[in-house]
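Below is one structure, written out as structure tokens, with a few remarks after it.
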Amino acid sequence: MEEKISVLVGIGASVTANCKPCLEFHAKKARELGLNEQEIQEAIDIGLMVKKGSTDVMKGVIKKVMGRSDATEAYDRPLTCSGASKTPSCC
């Protein structure tokens, strides 16, 4: 994998994992490799979308565990990474 792609993946993963030192490391490395702020921001945005998707699914699991009648079954269905669709997705 090209190093620039690898560092962008690291940025997204760092955001998703809430790892401050990882994000700082990968963002610095990205700048050293000549990536611009827009490219770094796009990787951050993808990490945030993935984190939101997993958080939304977990909210359904929590509702079910707590016996809430408004629990959704979204966590029981396969997820797709569609972002804009009405079906359950990771982002």
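Numbers below:
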{"quantity": "First in the stretch 1-27 and within 11 Å of residue 44 (Cβ to Cβ), second anywhere and open to solvent by 70 Å² or more (accessible area, probe 1.4 Å) and among the aliphatic types (A, V, I, L, M), Cβ under 7 Å, 6 or more apart", "calculated": "12/46; 15/48"}
{"quantity": "Residue count for the stretch 42-53, restricted to those that are under 15 Å from residue 6 (Cα atoms) and either under 8 Å from the mean Cα position of the chain (by Cα) or open to solvent by 80 Å² or more (accessible area, probe 1.4 Å) (or both)", "calculated": "3"}
{"quantity": "Boolean, residue 63 is free of Cβ contacts under 8 Å to residues at least 12 places away in the same chain, in contact with an Asp or Glu (Cβ under 8 Å, 6 or more places away or on another chain) and not aliphatic (A, V, I, L, M)", "calculated": "yes"}
{"quantity": "Pick from the stretch 1-41, criterion among the β-branched types (Val, Ile, Thr) and more than 24 Å from residue 56 (Cα to Cα), ranking: surrounded by the most Cβ atoms within 10 Å (Cβ to Cβ)", "calculated": "7"}
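The values are calculated or read from the model by the stated rules, or taken from the named source; none is laboratory data. The model shown is predicted, which means the values in this text are computed figures rather than measured ones. Every residue, glycine as well, gets a Cβ built from its backbone with ideal geometry; the counts of neighbours run over all protein chains shown. The protein model used for the area step is the full one, side chains on, heavy atoms only, and it has no ligands, DNA or RNA in it. Shrake-Rupley method; radii C 1.70, N 1.55, O 1.52, S 1.80 Å.
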